Each structure stands twice: as C-alpha cells, then as structure tokens.
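S.K.: One structure, as structure tokens, below. Some questions next.
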Amino acid sequence: MPVWTGAGYDARTGAFAEALDQERRPTSTVLRARVQARQIYVLCAAGRLGWQGPWAEMAARAMDFFLARFQRSDGAFRFSIGPDDGGNPEAMFYEQAFSLLAMAHVAAVQPGRQDVRLAAHRLLDGHMAERRLSQGGFREGGDRPYQSNPHMHLLEAALAWEAAEPDGPWAALADEVATLAAERFIDPDRGFLREFFNADWTPAGGEAGRVVEPGHQFEWCWLLRRWGQRRPGAPLEAQARRLFEIGVRHGVDPERNVAIDELDSNLDVLTPTARLWPQTERIKAALAMAEVGDSESALREAAAGVDGLRPYLDTPGPGLWRDRMVVDGSLVAGTAPATSLYHIVGAIEELARWRGQFAAPPFPSERP
C-alpha cells in the first residue's frame with residue numbers, strides 16, 4: 001500500500017497511476033476509469049484489513065477526482081482521460097461495472113456520501129438502462145458487444161451495493177446477472193463458461209466463441225458462491241463447483257503450478273502463458289469451495305494457488321510484481337500494472353477471512 005499510495009498516487013489530483021516500472025516510476029499519462037475505480041476499492045479493502053495509512057481520506061479524494069473527471073454529462077463514465085482533456089470519452093459497459101463497484105465500497109465506508117449513491121442510481125437508471133437487452137443482460141461497446149466478462153464485474157458490483165444498500169435495486173440486479181450466467185454463459189452440457197456471444201447469447205462464431213478462460217472459471221465460481229450465500233438453498237452451487245473443477249483440471253499447468261490464460265471449447269490449451277490475475281482468482285475460488293464439500297482438498301488447492309502466485313511478487317522492489325509468465329516458467333520483465341492490485345487484495349481479503357479476521361463474507365457494510 002505505501003508503494004501504490006505513494007509513487008502510484010498523485011496527491012495533487014487524487015489520481016492513481018496506470019502502472020509503475022520496476023523503479024517505481026509512472027509509465028503513462030493516460031488514465032483509465034477501470035484503474036481509478038479498482039484502486040478506490042483497494043483503499044477501502046485495505047482499511048478493512050487494518051492498514052493504518054490514510055485510506056479513508058484517500059478514498060474520498062480519489063472518488064472526488066473520479067466523479068469530477070470521468071463522469072459524463074449523461075451520468076455514465078468515460079473510458080479514459082489524458083493530458084489536456086484528451087483520452088477516450090466512450091462509455092464502455094466494463095467501465096460502468098467498475099464505477100458501480102468503486103461507488104459501492106465508498107458508500108459502505110462513508111455512508112454520508114449521498115453524491116455517490118445518487119451517481120450510482122443515475123448510472124443504473126439512465127445509461128445502464130439504455131444498454132439493457134430485451135433478451136437479458138447488457139450490451140458492451142466496441143466490436144464485441146455480447147460478452148460475459150463485463151457482467152461478471154456487474155455481479156460483483158451489485159453484490160457490493162446489496163450489502164451497502166439492502167433496500168435498493170441491487171439484489172434483483174445480482175439475481176438477473178447470476179441467472180443469465182447459469183442459463184446462457186455456462187455451457188449446458190460441459191459446464192464451462194464462454195467469453196463471447198451472438199446477440200441471442202448463443203456462442204459467437206469463429207475463434208472468439210471457442211475461448212474459455214480458466215481465470216474466469218475461477219472468478220465466476222467465487223462470485224456465484226458469494227451470490228448463493230445470500231439466497232436460501234445455495235442456488236447454482238453445482239454450477240460453481242463445476243467451474244472450479246474445470247479450472248483446476250484443465251486450466252492449471254501442473255509443471256509451473258499456474259493457471260494459464262486460455263483454453264478452447266474442447267478444454268485444450270489455447271494460450272499457455274499465465275498472467276498474474278488468474279492466480280489470485282484460483283485462490284479465491286478454492287477458498288469458496290472449501291466452504292462446501294471436500295474442504296481439505298479445496299484448501300490444498302488454495303495453498304497451491306498461493307505458491308503459484310509467489311513468483312510474480314518476487315521483484316527487486318517490494319510492492320511491485322511481474323504480470324506474465326511464459327511457457328518455460330520465466331516471468332516477463334516489464335511494468336507492474338495497477339489493475340493487478342485489485343486482484344491481489346481480493347485474494348488477501350479472502351485469505352484473511354479464512355484466518356478469522358472476517359466473520360462474514362466479503363462486501364461488509366462497515367469496517368469490522
């Protein structure tokens with residue numbers, strides 16, 4: 001946290017760096033909404049975990065900056081900003097999901113911020129409503145408008161808001177997304193989750209429709225389990241367990257002990273490189289599965305996931321990381337992207353909860 005709230009943070013503006021090089025220098029002047037939103041979540045999570053730094057003040061300042069610079073006149077959030085008001089003004093669905101997530105965590109720890117609650121409701125009732133599809137779900141921008149990934153983060157945001165604002169529309173939104181995943185995103189015969197679709201949520205044609213990401217099998221597993229904990233009868237537990245099994249059996253390279261980047265729809269290896277973030281989702285999914293069924297086996301998988309993550313964090317400068325492992329097990333030298341901290345801290349929260357520091361599932365409405 002001292003690295004990313006020091007070298008990775010501009011105290012003059014309240015903005016977070018996109019990435020740091022291994023000498024802790026920011027590498028870009030363009031700032032994406034997803035990075036600012038993720039780092040706001042990180043600050044709130046760090047406070048829950050007991051970090052003694054000025055997390056509350058920084059989260060408030062960062063949210064002020066985010067609302068002032070990224071929110072468009074229609075209430076949606078632009079993709080990026082750059083020097084002299086450059087950047088990309090397009091409002092991608094993925095960015096809206098993370099904007100909602102950041103606002104939920106600020107609203108939870110600073111309940112007096114009515115501006116944040118109003119901004120979230122305006123986004124949901126306005127721009128997000130315009131993206132809603134008659135066949136269920138929401139439309140992404142760009143040339144691949146029908147994707148599961150933005151919905152995954154929307155489910156995460158809805159669960160966070162459900163905890164912060166129980167009387168709001170968030171539980172219904174979470175139910176909608178979880179049901180869409182179970183009925184459309186997850187293959188009904190083999191149980192894996194796809195990435196890209198046609199307008200009717202059938203698998204997209206060509207290579208795009210065959211992509212299966214192990215990291216997302218784990219991430220959806222964790223989210224569906226968290227969603228089910230708040231509903232009677234543990235709905236979708238079987239689907240969550242199957243996603244976990246596929247991720248472990250087909251998506252983890254036993255020689256390197258890492259979750260790889262991509263499989264195809266035959267569950268054969270498509271892209272054998274291994275980014276950092278799937279390692280954290282492997283840990284989270286394993287801990288979620290340890291709550292049901294064979295906890296000993298799932299906890300062993302979580303421990304293996306922690307061991308798989310360690311090499312990425314072994315850098316000359318503490319607080320940084322390498323982002324990508326290649327086939328021979330070596331890690332590519334390069335910058336530490338700020339986006340990874342959201343994943344790392346999410347895994348730490350789950351591990352801390354298992355060690356007894358949390359008595360309840362994630363997304364608490366207040367600091368313990």
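S.K.: Just the residues that are of a type outside the set (S, T, Y) and closer than 19 Å to T179 by Cα, please, taken from segment 98-144.
M.R.: Start the filter on segment 98-144 by keeping residues that are of a type outside the set (S, T, Y), which leaves 98, 100-133, 135-144.
Once the filter is applied, which keeps residues that are of a type outside the set (S, T, Y) and closer than 19 Å to T179 by Cα, segment 98-144 yields L124, M128, A129, R131, R132, L133, Q135, G136, G137, F138, R139, E140.
S.K.: Return the only residue of G87, G142, G126 being over 30 Å from R353 (Cβ atoms) and in contact with a Leu (Cβ under 9 Å, 6 or more places away or on another chain).
M.R.: Numbers: G142 fails: in contact with a Leu (Cβ under 9 Å, 6 or more places away or on another chain); G126 fails: in contact with a Leu (Cβ under 9 Å, 6 or more places away or on another chain).
Answer to the check: G87.
S.K.: May I pose another question? Within segment 196-224, track down each residue that is within 15 Å of the chain's Cα centre (by Cα) and either at pLDDT below 95 or among the charged types (D, E, K, R) (or both).
M.R.: Filtering segment 196-224 for residues within 15 Å of the chain's Cα centre (by Cα) gives 213-224.
Correct list: E213, E219.
S.K.: If the Cβ limit is 7 Å and pairs must be 6+ apart or interchain, which residue in segment 244-265 that is over 11 Å from V212 (Cα atoms) pairs with which residue that is among the small types (G, A, S) and surrounded by fewer than 22 Cβ atoms within 10 Å (Cβ to Cβ)?
M.R.: Close Cβ pairs (under 7 Å, with a partner that is among the small types (G, A, S) and surrounded by fewer than 22 Cβ atoms within 10 Å (Cβ to Cβ)) amount to R256/G329; N257/A304.
S.K.: When you go through (1) closer than 30 Å to L118 by Cα; (2) at pLDDT below 95; (3) not charged (D, E, K, R) one by one for P232, which number turns out not to apply?
M.R.: Failed condition: (1).
S.K.: Residue pairs, Cβ under 7 Å, 6 or more apart or interchain, first in segment 349-360 and over 15 Å from R226 (Cβ atoms), second buried (at least 16 other Cβ atoms within 10 Å of the Cβ) and at pLDDT below 85. List them.
M.R.: Once the first residue is over 15 Å from R226 (Cβ atoms) and sits in segment 349-360, its partners that are buried (at least 16 other Cβ atoms within 10 Å of the Cβ) and at pLDDT below 85 give A352/F358.
S.K.: Still on this structure: Which condition breaks for L270 when tested against (1) within 28 Å of P26 (Cα to Cα); (2) assigned to a strand (DSSP E or B)?
M.R.: Going through the list (1) within 28 Å of P26 (Cα to Cα); (2) assigned to a strand (DSSP E or B), L270 breaks only (1).
S.K.: Scan segment 233-265 for residues that are buried (at least 21 other Cβ atoms within 10 Å of the Cβ) and assigned to a strand (DSSP E or B) and report the count.
M.R.: Final tally of qualifying residues: 4.
S.K.: A follow-up question, please. When you go through G136, G168, G191 one by one, which is the residue that is touching a Leu at 6+ places or on another chain (Cβ under 6 Å) and within 25 Å of R231 (Cα to Cα)?
M.R.: Numbers: G168 fails: touching a Leu at 6+ places or on another chain (Cβ under 6 Å); G191 fails: touching a Leu at 6+ places or on another chain (Cβ under 6 Å).
From the options G136, G168, G191, the qualifying one is G136.
S.K.: It is to be established whether one or more residues within segment 169-191 are touching a His at 6+ places or on another chain (Cβ under 6 Å), part of a helix (DSSP H, G or I) and not polar (S, T, N, Q).
M.R.: Restricting attention to segment 169-191, the residues satisfying the condition of being touching a His at 6+ places or on another chain (Cβ under 6 Å) are 177.
Pick out the ones that are also part of a helix (DSSP H, G or I) and you get 177.
Going one step further and asking which of them are not polar (S, T, N, Q), we end up with 177.
Yes; the residues of segment 169-191 include at least one that is touching a His at 6+ places or on another chain (Cβ under 6 Å), part of a helix (DSSP H, G or I) and not polar (S, T, N, Q).
S.K.: Out of segment 205-223, which residues are of a type in the set (A, V, I, L, M) and in contact (Cβ under 8 Å) with a residue 60 or more places away in the chain? Steps first, please.
M.R.: If we filter segment 205-223 for residues that are of a type in the set (A, V, I, L, M), which is where we start, we get 208, 211-212, 223.
Selection gives A208, L223.
S.K.: Please give the number of the condition R117 fails out of (1) in contact with a strand residue (DSSP E or B) (Cβ under 6 Å, 6 or more places away or on another chain); (2) more than 20 Å from T339 (Cα to Cα); (3) outside any loop (DSSP other than H, G, I, E, B).
M.R.: The failed condition is (1).
S.K.: Let me ask something else about it. Is it fair to say A303 is surrounded by fewer than 17 Cβ atoms within 10 Å (Cβ to Cβ), at pLDDT 95 or above and either in a helix (DSSP H, G or I) or within 23 Å of the chain's Cα centre (by Cα) (or both)? Outline the logic, then answer.
M.R.: Values: surrounded by fewer than 17 Cβ atoms within 10 Å (Cβ to Cβ): yes; at pLDDT 95 or above: yes; either in a helix (DSSP H, G or I) or within 23 Å of the chain's Cα centre (by Cα) (or both): yes.
Considered against the rule, which asks whether it is surrounded by fewer than 17 Cβ atoms within 10 Å (Cβ to Cβ), at pLDDT 95 or above and either in a helix (DSSP H, G or I) or within 23 Å of the chain's Cα centre (by Cα) (or both), A303 comes out as yes.
S.K.: Oh, and also: Restricting to segment 77-95, what's the tally of residues that are more than 19 Å from the chain's Cα centre (by Cα), under 22 Å from R132 (Cα atoms) and either surrounded by 22 or more Cβ atoms within 10 Å (Cβ to Cβ) or touching a residue at least 24 places away in the same chain (Cβ under 8 Å) (or both)?
M.R.: Here the count works out to 1.
S.K.: Out of segment 268-293, which residues are farther than 19 Å from W321 by Cα and surrounded by fewer than 24 Cβ atoms within 10 Å (Cβ to Cβ)?
M.R.: The answer is D268, V269, L270, T271, P272, L287, A290, E291, V292, G293.
S.K.: I've got another one for you. For segment 96-103, check the following and say yes or no: at least one residue is within 23 Å of E165 (Cα to Cα) and surrounded by fewer than 23 Cβ atoms within 10 Å (Cβ to Cβ). Can you show your working first?
M.R.: Pass one, segment 96-103, residues within 23 Å of E165 (Cα to Cα): 96-103.
Restricting the remaining residues to those that are surrounded by fewer than 23 Cβ atoms within 10 Å (Cβ to Cβ) gives none.
No, there is no match, as no residue in segment 96-103 is within 23 Å of E165 (Cα to Cα) and surrounded by fewer than 23 Cβ atoms within 10 Å (Cβ to Cβ).
S.K.: Let me spell it out: the conditions are (1) over 20 Å from the mean Cα position of the chain (by Cα); (2) outside any loop (DSSP other than H, G, I, E, B), and T13 meets all of them except one. Which number is the exception?
M.R.: Unmet for T13, out of (1) over 20 Å from the mean Cα position of the chain (by Cα); (2) outside any loop (DSSP other than H, G, I, E, B): (2).
S.K.: A further question on this structure: Look at segment 117-152 and say how many of its residues are within 16 Å of W170 (Cα to Cα) and without any contact (Cβ under 8 Å) to a residue 12 or more places away in the chain.
M.R.: 4
S.K.: Right, here's the next one. Could we say that L159 is surrounded by 19 or more Cβ atoms within 10 Å (Cβ to Cβ), touching a Leu at 6+ places or on another chain (Cβ under 6 Å) and not in a loop (DSSP other than H, G, I, E, B) here? Quick ask: steps written out before the conclusion?
M.R.: Working: surrounded by 19 or more Cβ atoms within 10 Å (Cβ to Cβ): yes; touching a Leu at 6+ places or on another chain (Cβ under 6 Å): no; not in a loop (DSSP other than H, G, I, E, B): yes.
So L159 does not fit the description; no.
S.K.: Looking only at segment 238-263, how many residues end up being over 21 Å from Y312 (Cα atoms) and over 19 Å from the mean Cα position of the chain (by Cα)?
M.R.: In the first step, residues of segment 238-263 are kept if they are over 21 Å from Y312 (Cα atoms); the result is 238-246, 249-250, 263.
Next, from what is left, pick out any that are over 19 Å from the mean Cα position of the chain (by Cα): 238-239, 241-242, 245-246, 249-250, 263.
Number satisfying all stated conditions: 9.
The values are calculated or read from the model by the stated rules, or taken from the named source; none is laboratory data. Keep in mind it's a predicted model, so treat the numbers as computed, not measured. Reconstructed Cβ throughout: ideal geometry from the backbone, glycine too, with neighbour counts over all protein chains shown.
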